[in-house]
Amino acid sequence: MEGLPFLPGNTFKDPTKTKHHVSQSLGYKNGYQVPKAYPTVGIGGQPLPVNQLTESELDELANFQPTLTYGKAKQAPPEAFVPAHVAFDKKVLRFYGYFKETVHESPQEYYRVRPVVFYYYLEDDSIAIVEPPKENSGIPQGKFIKRQRVPKNDVGDHYTWKDINLSQNVSVYGRVFRITDCDQFTRSFLESEGVEVNQPESIPADPYLVSRSEATALKTYKTPTAFDKLKQFIELDRKVLRFFALWDDTASMYGEARPFIIHYYLVDDTLEIREVHQTNDGRDPFPVLIRRGRVPKDRFNLPNTFPSVALELSDAEVKDYFTPRDFVIGETVVINGRRFVLYDCDNFTKAWYYQHFGVTEFNCIDVSKKFPGLASMEIPPYNKFGSLEDSMQNVVSIVPEPPKKDFVKMMEQGTTQLRYEAMMDSIRPEDKNRRFIISYRLADDMVNIYETPTRNSGIPGGNYLKRARVAKPNSTRRSRSTMDRPISASEPRLTSSGSGSSSLTATPSC
């Protein structure tokens, strides 16, 4: 069975194996956990030949001494001597620092901050100080102190890497340098030698260089937004949103409801408010309440330090202006402390709001009750003296004047007349055959009716109505005009002045 390959069908379960637990390798002795000998049987009770060693074999392994077989171990040979100039060749510590130089007799600066770099060569403990050059500084820069061993005091000691650390001052030939930072190699070397490296510092800015950098800074170009003012002017020129507003001041003494029109110019987002005046409303004709301009939403939200007595508002102080989204029909908008109720708008404004904001419902408010009609002058009835126009002059003026004629119309129309042939529409049999000619003069809107004579009718012909202005039926103030001329033969237009009930039906004669 052992020679069979480990394939499905070649493995058989041994029914005699009933113990499948792991052999225990720990136990207790005197209350302490101690390991037992290596287990001799595995899972299922199968013996483990690896762990079945005899006591003699275990004793031989425990008392085996390699020195008896191989001899004593030899010591490693000492490393070869390497001089310092070879071990530290091309290893340089780099420190960053600065020093302040006093400037005399200059109104622009009192001192200069000049950054430097310390190079410490480990092979011979020499130091070189280099000042990084700056463009247009006007100062000879570059190598500040050439490479040499720098004395530390008057006794004759020299600086070593143990004397230099961050955030401390180093005096070199009477000039004090401040060490601010170092590179990563320098930090790792000092820490490997047991030196605690202090926290780095930043080099202070030179006041004069700061002022020069602001003047010589590159002019940045601000990318324009997608909003194009020229495109707005071309597309939105002469497009104005018109809102009808109401300022209801009836709550105050002698207050009243006053109508206004708010114009919002889309071309430059400006606003204009005009008051709607009526004839004889008792107010001076000054319609502009707020002239055209950008109106802030809250002009009183200003800091206490703003000198409002001496200065006007600008875009720097105003944070938000009115936009079309702020005007909603049926809502109240506060403009410069005055509350306006938007009750309606024109058709162009409705179409614009639907196109841009998708607004389909406008809550228009009926404000007709807020505007009671003004008392109108009552015209007395016609007294039959003179013509109707002459009698009307006594009503409109204390000193009557003759009625004014339309001379332009008279010059344009001249002697042009409209003539119609008419017949009398009467219940009397003798009037059915009467024929008339109606002449309408366009120069002064006067009507003349001439009756043509009929043989054996018993009625003489001639002028039935001499030339005069004829009032419309059921009206005493409006005369006929060219808009009232007969259109079809079945429409009665003129009422006879006779005693009976009759009218003239006209048909065009030309």
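The values are calculated or read from the model by the stated rules, or taken from the named source; none is laboratory data. These numbers were taken from a predicted model, which means no experiment stands behind them. Using ideal geometry, Cβ is built from the backbone for each residue, glycine included, and neighbour counts are taken over all protein chains shown.
The C-beta contact set for the range 71-82 (first residue at pLDDT below 85, second residue among the β-branched types (Val, Ile, Thr), distance under 9 angstrom, 6+ apart or interchain) comprises Ala73/Thr67. Take Asp425 and decide whether it is within 28 Å of Met377 (Cα to Cα) and acidic (Asp, Glu). Judged against the criteria, Asp425 is not a match.
Do we have any residue at all in the range 102-115 that's farther than 24 Å from Ser211 by Cβ, assigned by TED's automatic domain parsing to the domain that holds Phe189 and of a type in the set (S, T, N, Q)? Within the range 102-115, none of the residues are farther than 24 Å from Ser211 by Cβ, assigned by TED's automatic domain parsing to the domain that holds Phe189 and of a type in the set (S, T, N, Q). Please tell me if Asp346 is surrounded by fewer than 16 Cβ atoms within 10 Å (Cβ to Cβ), closer than 22 Å to Leu289 by Cα, of a type in the set (Asp, Glu) and at pLDDT below 90. So Asp346 does not fit the description; no.
Cβ separations smaller than 9 Å between residues 6+ apart or across chains give no pair from the range 405-427 residues that are closer than 16 Å to Arg467 by Cβ and of a type in the set (Val, Ile, Thr) to residues that are modelled with pLDDT under 90 and part of a strand (DSSP E or B).
Restricting to the range 134-144, give me the number of residues that are surrounded by fewer than 17 Cβ atoms within 10 Å (Cβ to Cβ) and in a strand (DSSP E or B).
Going through the range 134-144 one residue at a time, the tally reaches 2.
Just one of the numbered conditions (1) within 28 Å of Asn448 (Cα to Cα); (2) at pLDDT 90 or above is not true of Lys405; which one? Unmet condition: (2). Just a yes or no: is a residue in the range 274-284 of a type in the set (A, V, I, L, M, F, W, C), on the phi < 0 side of the Ramachandran plot and outside the structural domain of Phe327 (by TED's automatic domain parsing)? No, the range 274-284 has no match at all.
To keep it simple, each residue is scored yes or no on (1) touching a helix residue (DSSP H, G or I) at 6+ places or on another chain (Cβ under 8 Å); (2) at pLDDT 90 or above; (3) of a type in the set (A, V, I, L, M, F, W, C).
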position: Phe340; (1), (2), (3): no, yes, yes
position: Lys350; (1), (2), (3): no, yes, no
position: Phe371; (1), (2), (3): no, no, yes
position: Pro381; (1), (2), (3): no, no, no
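Residue check: is Asn198 assigned to a loop (DSSP other than H, G, I, E, B), at pLDDT below 90 and of a type outside the set (A, V, I, L, M)?
Details: assigned to a loop (DSSP other than H, G, I, E, B): yes; at pLDDT below 90: no; of a type outside the set (A, V, I, L, M): yes.
Here the answer is no, as Asn198 does not meet what is asked.
If you go through the range 230-260 and keep only what is outside any loop (DSSP other than H, G, I, E, B) and loosely packed, with under 11 Cβ neighbours inside 10 Å, you end up with Leu230, Lys231, Ile234. For Thr67, the criteria (1) touching a helix residue (DSSP H, G or I) at 6+ places or on another chain (Cβ under 9 Å); (2) over 28 Å from Val197 (Cβ atoms) hold in every case but one, which is (1).
Name the single residue, out of those in the range 172-189 being surrounded by 15 or more Cβ atoms within 10 Å (Cβ to Cβ) and free of Cβ contacts under 8 Å to residues at least 60 places away in the same chain, that is nearest to the chain's Cα centre (by Cα).
Just the residues of the range 172-189 that are surrounded by 15 or more Cβ atoms within 10 Å (Cβ to Cβ), to begin with: 172, 177-182, 186-187, 189.
Okay, now just the ones that are also free of Cβ contacts under 8 Å to residues at least 60 places away in the same chain, so 172, 187.
Details: Val172: 60, Arg187: 51 Å.
Within the range 172-189, the match that is nearest to the chain's Cα centre (by Cα) is Arg187.
If you filter the range 85-111 down to residues that are modelled with pLDDT of 90 or more and among the basic types (Lys, Arg), you find that the one that is nearest to Val172 (Cα to Cα) is Lys100.
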